[in-house]
Amino acid sequence: MIKNYNYLIVGSGLFGATFAYKAKQSGKSCLVIDKRPHLGGNVFCEQIEGINVHKYGAHIFHTSNKEVWNFVNSLVPFNRYTNCPVANYHGELYNLPFNMNTFCQMWQDVKTPADAMAKIHEQRTEAAAKIGGLEPRNLEEQALLLVGRDIYTKLIKEYTEKQWGRDCKELPAFIIRRLPLRFVFDNNYFNDLYQGIPIGGYNALINKLMEGVETKTNCDFFQKYKDSWREIADQLVYTGPIDEYFNFQLGRLDWRTVTFKTRIENTPNYQGNAVINYTSHEVPYTRIIEHKHFETFGQAVYENPKTVISEEFSTEYKPGMEQFYPVNDERNNALADQYRALAANEQNVIFGGRLAEYRYYDMAPIIEKVLNLELQ
Ligand code: FAD
Ligand code: UDP
């Protein structure tokens, strides 16, 4: 029987789109389907008032991998955006990530790196004594050992509990190790060599990846192709949730989801920065994103008299919502391992991406993974 496609790709996010690009370059045919009404997965942007609005949350591309950086720039040039979020705690403003600017704002008597190190050393020693010199067992212990109680209290504890809906003592330590700590005046949120936003927004990148590829939106794999895909394609690339693929037979994985309240403001510059985190419980959202600042800099901000902002609310996932972040606690990691074992036995199916691997991937590692895959 002659099949129509070498690959049926479920999901048009960065994993599916990069896979489709690579397949096309290798002379393979593919069909990409997505249940959403648009392509691009979570990097999709919606144009409002001439501004690219990150519909599924702020996305900043960053990597130290030159191959990945050259690859994406060969498709679309990237701008010079550097993520420098600011934290608002009960009206007090602090630069992020934790660096000399933060330390000077936190402690009036800190002016030099030596002052800051002494202050943090004192608080780290106190934290280490509290856990008897043992390894940190959870996010709270890890954060106290990294930055001490003042920063933990004002900038980490309540924000993290809002974001994850769990006490910091119930969360894994690795989540907080993502954040840099520096004794220099440097507000760049990432340590990576390369960073930016595609000029023209992420849709430009997705459109380039998908050029010449057959696609269908509003098309749910489980309704349309689950039982019949082998009739049309040699292989399946599945980027949806792994538990759903197996009909939740071992139980449901937990996810965090994010909802957005987006509105237009009649001012050219609402908050002066793309990202402001609200780190106290008092404010119900975790952060406000002002989208124009991802792509417009300096005086150009004032050329558009309006702006678009989104308040981000983090909540527990319930069936019917969008899955955003995997919850990497013990129960979920063990369950995901069981699903991965089932996946390893599926013939001619590649499971890839954040949902199908149940891993907290950034964009660049997703692209790197696909670039390193060997197509058969
Ligand atoms: P997705 O983009 O989720 O794509 C999966 C696609 O599969 C979706 O379009 C979905 O509709 C489709 N699908 C699922 N099930 C089916 C089905 N049954 N039938 C058809 N289609 C289906 N990374 C960074 O590098 N920098 C950042 O600043 C950053 N910020 C983020 C902020 C938030 C709020 C979130 C949640 C993630 C962020 N990320 C960031 C991570 C980034 O979004 C991911 O690494 C990347 O988008 C994952 O791509 P993917 O293709 O695996 O998944
Ligand atoms: N975090 C925090 N305060 C902040 C920003 C982040 O405590 O102002 C913590 C929080 O636990 C979060 C983790 O650091 O889950 C990683 O933050 P990052 O911004 O990398 O998360 P993202 O939103 O990109 O997933």
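The values are calculated or read from the model by the stated rules, or taken from the named source; none is laboratory data. Please read these numbers as outputs of a predicted model, since none were measured by experiment. As a convention, Cβ positions derive from the backbone with ideal geometry for all residues, glycine included, and neighbour counts pool all protein chains shown. Quick note on the areas: whole protein, heavy atoms, side chains included, nothing else; ligands and nucleic acids left out. Shrake-Rupley method; radii C 1.70, N 1.55, O 1.52, S 1.80 Å.
Scan the range 69-84 for residues that are within 17 Å of the chain's Cα centre (by Cα) and either within 15 Å of R287 (Cα to Cα) or open to solvent by less than 40 Å² (accessible area, probe 1.4 Å) (or both) and jot them down.
If the condition is that a residue be within 17 Å of the chain's Cα centre (by Cα) and either within 15 Å of R287 (Cα to Cα) or open to solvent by less than 40 Å² (accessible area, probe 1.4 Å) (or both), then Y81, N83, C84 are the ones that fit.
Conditions first: (1) touching a residue at least 60 places away in the same chain (Cβ under 8 Å); (2) under 20 Å from the mean Cα position of the chain (by Cα); (3) open to solvent by 50 Å² or more (accessible area, probe 1.4 Å). T257 passes all but one, so which condition is the exception?
Here T257 clears every test but (3).
Okay, residues lined up against (1) modelled with pLDDT under 95; (2) touching a Lys or Arg at 6+ places or on another chain (Cβ under 7 Å); (3) farther than 28 Å from L96 by Cβ:
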| position | (1), (2), (3) |
| --- | --- |
| F185 | no, no, no |
| P198 | no, no, no |
| Y202 | no, no, no |
| I206 | no, no, yes |
| T215 | no, no, yes |
| A233 | no, yes, yes |
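Provide a single number: the residues in the range 122-154 that are open to solvent by 60 Å² or more (accessible area, probe 1.4 Å) and under 14 Å from F98 (Cβ atoms).
Matching residues across the range 122-154 total 3.
Report those strands (runs of 3 or more DSSP E) wholly inside the range 261-376 carrying at least 1 residues which are surrounded by 13 or more Cβ atoms within 10 Å (Cβ to Cβ) and of a type in the set (F, W, Y).
Hits in the range 261-376: 275-278, 307-316, 349-351.
Y361 versus (1) away from ligand 1 (no atom under 11 Å from the Cβ); (2) in contact with a helix residue (DSSP H, G or I) (Cβ under 6 Å, 6 or more places away or on another chain); (3) free of Cβ contacts under 8 Å to residues at least 24 places away in the same chain: which is the lone unmet condition?
Y361 satisfies all of (1) away from ligand 1 (no atom under 11 Å from the Cβ); (2) in contact with a helix residue (DSSP H, G or I) (Cβ under 6 Å, 6 or more places away or on another chain); (3) free of Cβ contacts under 8 Å to residues at least 24 places away in the same chain except (1).
Being open to solvent by less than 10 Å² (accessible area, probe 1.4 Å) and more than 7 Å from ligand 1 (Cβ to nearest atom) is the filter here, so list the residues in the range 1-16 that pass it.
Matches in the range 1-16: Y7, L8, I9.
Answer yes or no: is there a residue in the range 130-138 that is more than 11 Å from ligand 2 (Cβ to nearest atom), at pLDDT below 95 and part of a helix (DSSP H, G or I).
Within the range 130-138 (the criterion being more than 11 Å from ligand 2 (Cβ to nearest atom), at pLDDT below 95 and part of a helix (DSSP H, G or I)), the answer is yes, since at least one residue qualifies.
Only residues that are under 23 Å from N273 (Cβ atoms), within 12 Å of ligand 1 (Cβ to nearest atom) and of a type outside the set (F, W, Y): list them for the range 24-61, please.
N42, V43, H54, K55, G57, A58, H59, I60
Where in the range 2-121 are the strands (runs of 3 or more DSSP E), entirely inside, with at least 1 residues that are more than 30 Å from E303 (Cα to Cα)?
Per the criteria, 5-10, 30-33, 61-63, 86-89.
Within the range 155-200, which residues are among the basic types (K, R) and out of contact with any helix residue (DSSP H, G or I) (no Cβ under 9 Å at 6 or more places or on another chain)?
Scanning the range 155-200 gives K162, R178.
List the pairs whose first member sits in the range 306-326 and is under 21 Å from G240 (Cβ atoms), whose second member is open to solvent by less than 20 Å² (accessible area, probe 1.4 Å) and among the basic types (K, R), and whose Cβ atoms are under 7 Å apart, counting only residues at least 6 apart or on separate chains?
Correct list of pairs: E316/R256; Y317/R256; F324/R256; Y325/R256.
I need every pair where a residue in the range 167-193 that is under 15 Å from I151 (Cβ atoms) and assigned to a loop (DSSP other than H, G, I, E, B) has its Cβ under 7 Å from the Cβ of a residue that is more than 10 Å from ligand 2 (Cβ to nearest atom) and open to solvent by 50 Å² or more (accessible area, probe 1.4 Å), sequence separation at least 6 or different chains.
Sorted first by the residue in the range 167-193, then by its partner, the pairs are P180/N191; F183/P113; F183/M117.
Just name the residue that is surrounded by the fewest Cβ atoms within 10 Å (Cβ to Cβ) out of those in the range 56-68 that are among the hydrophobic types (A, V, I, L, M, F, W, C) and within 15 Å of ligand 2 (Cβ to nearest atom).
So, considering only residues that are among the hydrophobic types (A, V, I, L, M, F, W, C) and within 15 Å of ligand 2 (Cβ to nearest atom), the one surrounded by the fewest Cβ atoms within 10 Å (Cβ to Cβ) is A58.
Being within 16 Å of ligand 2 (Cβ to nearest atom), more than 22 Å from K24 (Cβ to Cβ) and either open to solvent by 20 Å² or more (accessible area, probe 1.4 Å) or among the polar types (S, T, N, Q) (or both), is that true of even one residue in the range 193-200?
yes
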